[in-house]
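The values are calculated or read from the model by the stated rules, or taken from the named source; none is laboratory data. Owing to the predicted nature of the structure, the values given are computational and were not obtained by experimental measurement. With ideal geometry, Cβ positions are generated from the backbone for all residues, glycine too; neighbour counts draw on all protein chains shown. Surface areas here come from the heavy atoms of the whole protein model, side chains and all, with no ligands, DNA or RNA. Shrake-Rupley method; radii C 1.70, N 1.55, O 1.52, S 1.80 Å.
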Amino acid sequence: MPSKNMLPKGHRRQSVRAEYRAMRGVETAVAVAVPVLDLDEDTEFEGGVRRFVADAAAAGMRLDAYLAQAIPELSRARVQVLIEGGQVRVDGVAGRPIMGKRKLRGGEAIEIEGEPQPAPLRAVAEDIPLAILYEDEYLAVVDKPAGMMVHAGAGETDDARNRGTLVNALLHHMAKTAGTLAGTLSGVGGELRPGIVHRLDKQTSGAIVVAKDDVTHRKLGEMFAQRQVAKTYLALVHGTLAGDTVTVSLPVARDLVRRTRMTTRRADGRSAVSHISVVERLATRFGGFTLAEVKIETGRTHQIRVHMQSLGHPVVGDTLYGAPRRIRSVDAKGREVEAVDAGVGLERNFLHAAHLEFVHPRTGKAVVVDAPLAPELSGFLEGLRTE
C-alpha cells in the first residue's frame, strides 16, 4: 500500500526542497527556543561539579537531548557517556543509563560531575600506504586520501573505530624510518592524536602537516592560530559563480538540529573567512559547475563546505550540505529531464587541500608543498569537460 506521505502519481519527481526547508525552519525555531547556557553566568562550578536548573522550555524533552542543546560544547554521544558513567544527577538522583530517556518537566536541579571518561584507546601502528609530500626530522606533510579519518574520535569506546586512520598509518611509517629520520610523533595531541596539528574532513583529500616532536608541534600550532600557514583548496561546486572572486566571512557554529552539520545562521558562531577565486566555469548537459580555488584564513569545521552552501553552490558530492547524490541531465532552463542514463555521481566531496606554504618552525626555511589532484577527482572533472 502506498504511503500516505507519498506524492500523487505523476508528481513523484516533483521537488519537495522548498517544503522541506520550511519544515526545517519550524524545527529549528523549536530547537533554539531552549536557551544555550552561559557556563560562567548560568551555572555554578565547585569541587569539580557544575550545577544549574533546567529551563522551563525543557519540559517534555529527553534529558540527553536537553543537555546537548543547552551545552553545545557537549555532543549527544558525549552527554550519554556522562549519564552512563553516573556523572549526571537530576534532583539528586544519580544518572543511570535509562535516565537519558527520562522526560524533564523543567526546573529540575541538574549536576554534572567532571568530564566524560570513556574507556581509553591508544592508536596502534598499521601498515597502510602513505604518500609523503615532504619530510625531515621535525615534521612531515602527507597527501591524505579521501575516506580516511585523521584520527579516532576522543569519545570512541569501540576499538574497531581506532583502525584505518591517518594516525595508524603514520605510526607504522615512523617505525620504518626510525634511525634515518626522526621516527616518532609528538605527544601534544595525546595517545589518540599523536603528531596531529590540524585536520581534514574524512572525505577531503590533500596536504596535511604532522609534527614529530612536541616543540615543533607547539610552534606549528601557534603558526596556524596566528594565520601564518597559507592553505589553498580546490573545490568543484554546483552552479556558476557570478563573480570571479568572492570573500565569505560568515561565522560558523554547530547546527543545533542536525548536529553532524555546521551552520552560518547562528549569531554566536566562530569567525571564519574564505577567499574564493574562479579557476574554470563548465557548461555541461548536467548543468553548470565552477572549479574554484579557496584560500582560508581560519580553519573551522566544514568551513569551505558550509560557506559554499551559504552562497547556494554546494560542493559536488557533499550531500550533507545539499548536493545531489546523482547528477542528472537538465534542460535549457536547468530542470531535470528524463534520461536513459542514470546520471553521474561522486562517492566523496570534490574538495582537495592542494597547497600548503609556511616558514619551517625549526629551520626558518620556506616550505612549499603541492598535492596533486586525486585521480577520482581529475577523472570526474575531465568527464564533465568532455560532456
*Filter result for the condition that a residue is within 30 Å of LEU220 (Cα to Cα) and out of contact with any Cys (no Cβ under 7 Å at 6 or more places or on another chain), over ARG254, ARG285, ARG328*: ARG254
*What number of residues within the range 73-94 are over 30 Å from VAL252 (Cβ atoms), in a strand (DSSP E or B) and modelled with pLDDT of 80 or more?*
3
*Has the range 137-149 got any residue that is acidic (Asp, Glu), more than 24 Å from the chain's Cα centre (by Cα), open to solvent by 70 Å² or more (accessible area, probe 1.4 Å) and at pLDDT 85 or above?*
yes
*Have a look at ALA225, ALA207 and point out the one that is free of Cβ contacts under 8 Å to residues at least 12 places away in the same chain, of a type outside the set (Lys, Arg) and under 27 Å from LEU166 (Cα atoms).*
ALA225
_Conditions first: (1) charged (D, E, K, R); (2) touching a Leu at 6+ places or on another chain (Cβ under 8 Å); (3) open to solvent by 20 Å² or more (accessible area, probe 1.4 Å). ASP213 passes all but one, so which condition is the exception?_
(2)
*Within the range 32-46, work out how many residues are in contact (Cβ under 8 Å) with a residue 40 or more places away in the chain and either in contact with a Pro (Cβ under 8 Å, 6 or more places away or on another chain) or open to solvent by less than 70 Å² (accessible area, probe 1.4 Å) (or both).*
1
*All but one of (1) over 20 Å from the mean Cα position of the chain (by Cα); (2) under 22 Å from GLU297 (Cβ atoms); (3) part of a loop (DSSP other than H, G, I, E, B); (4) of a type in the set (A, V, I, L, M, F, W, C) hold for LEU220, so report the exception by its number.*
(3)
*Please name all residue pairs, on different chains or six or more residues apart, with Cβ atoms under 6 Å, provided the first residue is in the range 47-71 and is touching a residue at least 24 places away in the same chain (Cβ under 8 Å) and the second residue is among the aromatic types (Phe, Trp, Tyr).*
ALA58/TYR66
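For every residue, the table says whether it meets (1) in contact with a strand residue (DSSP E or B) (Cβ under 9 Å, 6 or more places away or on another chain); (2) modelled with pLDDT of 80 or more.
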{"site": "VAL16", "(1), (2)": "no, no"}
{"site": "GLY25", "(1), (2)": "no, no"}
{"site": "ALA29", "(1), (2)": "no, no"}
{"site": "PRO35", "(1), (2)": "no, yes"}
{"site": "THR43", "(1), (2)": "yes, yes"}
{"site": "ARG62", "(1), (2)": "yes, yes"}
{"site": "ALA70", "(1), (2)": "yes, yes"}
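Would you confirm, using the coordinates I've provided, whether VAL209 is of a type in the set (A, V, I, L, M), at pLDDT 90 or above, closer than 28 Å to SER75 by Cβ and within 20 Å of the chain's Cα centre (by Cα)?
So VAL209 passes the test.
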*Taking the range 300-321, which residues are assigned to a loop (DSSP other than H, G, I, E, B) and either among the hydroxyl-bearing types (Ser, Thr, Tyr) or modelled with pLDDT under 95 (or both)?*
ARG300, THR301
*Does at least one position in the range 240-254 carry a residue that is open to solvent by 40 Å² or more (accessible area, probe 1.4 Å), under 27 Å from THR319 (Cβ atoms) and touching a helix residue (DSSP H, G or I) at 6+ places or on another chain (Cβ under 8 Å)?*
yes
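Residue-by-condition table, conditions (1) closer than 15 Å to HIS360 by Cβ; (2) at pLDDT 95 or above; (3) touching a strand residue (DSSP E or B) at 6+ places or on another chain (Cβ under 7 Å):
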position	(1), (2), (3)
GLY221	yes, no, no
GLN228	yes, yes, yes
LYS231	no, yes, yes
LEU234	no, yes, yes
ASP244	no, yes, yes
LEU250	no, yes, no
ALA253	no, no, yes
